[in-house]
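Below is one structure, written out as structure tokens, with a few remarks after it.
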């Protein structure tokens with residue numbers, strides 16, 4: 001039986017390619033009073049860079065994926081203790097999508113985690129948005145890589161049985177209204 005909060009509708013994932021406005025949306029939802037998780041990838045890159053670690057996507061993709069898995073599972077456990085809806089800035093299936101994007105095998109334990117730690121059956125996905133895409137110290141992907149990441153997330157979440165809801169391109173406020181109307 002999958003591990004989840006009392007109601008599967010409580011854990012809502014927002015995913016997509018880099019630079020498509022996911023975190024900005026989740027930040028705004030948090031300011032509106034919702035609980036949220038922090039994105040694993042960016043935080044791990046910042047921490048690994050600060051300590052000279054090797055768990056960086058451009059240095060050791062498998063180790064980076066393992067740290068993301070640990071982060072996501074810990075975020076899930078923390079969320080279980082929070083009341084109401086919790087928005088996740090990516091979820092466990094993102095790790096599957098990342099590994100496949102990198103041409104790496106998905107270890108059995110990562111697949112098991114994606115099948116066990118379940119979220120709301122409808123996942124919000126932010127489509128590529130070249131007009132707002134920006135590279136920075138942690139986001140090194142090209143716009144083409146961002147589009148391939150989006151496609152990989154579509155494939156991963158679909159494979160694990162989630163229904164994808166495409167976020168509209170629009171202001172943050174419009175996206176917040178859209179998400180709130182979709183989750184009730």
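All of the numbers you see were taken from the coordinates with simple rules; none came from a lab. All values derive from a computational prediction rather than experimental measurement. Here the Cβ is made from the backbone with ideal geometry for all residues, glycine too, and neighbour counts use every protein chain on show.
Go ahead and set up a Gaussian network model of the chain, Cα springs under 10 Å, then flag whichever of 128, 61, 107 fluctuates most.
In this elastic network of the chain, the residue with the biggest mean-square fluctuation among 128, 61, 107 is 107.
Which of (1) 0.95; (2) 0.93; (3) 1.07 is the computed Rg/Rh (Cα atoms, Kirkwood Rh) for the structure on display?
It is the one labelled (2).
Which of the peptides 74-87, 169-182, 112-125 is most tightly packed, and how do the rest follow, judged by the mean count of other Cβ atoms within 10 Å per residue?
Descending packing order for the listed peptides: 112-125, 74-87, 169-182.
Given contacts defined as C-alpha pairs under 8 Å and at least six residues apart, what's the relative contact order of the chain, whole-number percent?
35
Helix-derived [θ] at 222 nm for the chain: sum -39500 (n - 2.57) over DSSP H runs of at least 4, divide by residue count, nearest 500?
Working: 7 runs with 90 residues, N = 184.
The helix contribution divided over the chain gives -15500 deg cm²/dmol.
Could you let me know the centre-to-centre spacing of the stretch 164-184 and the stretch 27-104, using Cα atoms, in angstrom?
After rounding, the separation between the Cα centres reads 22 Å.
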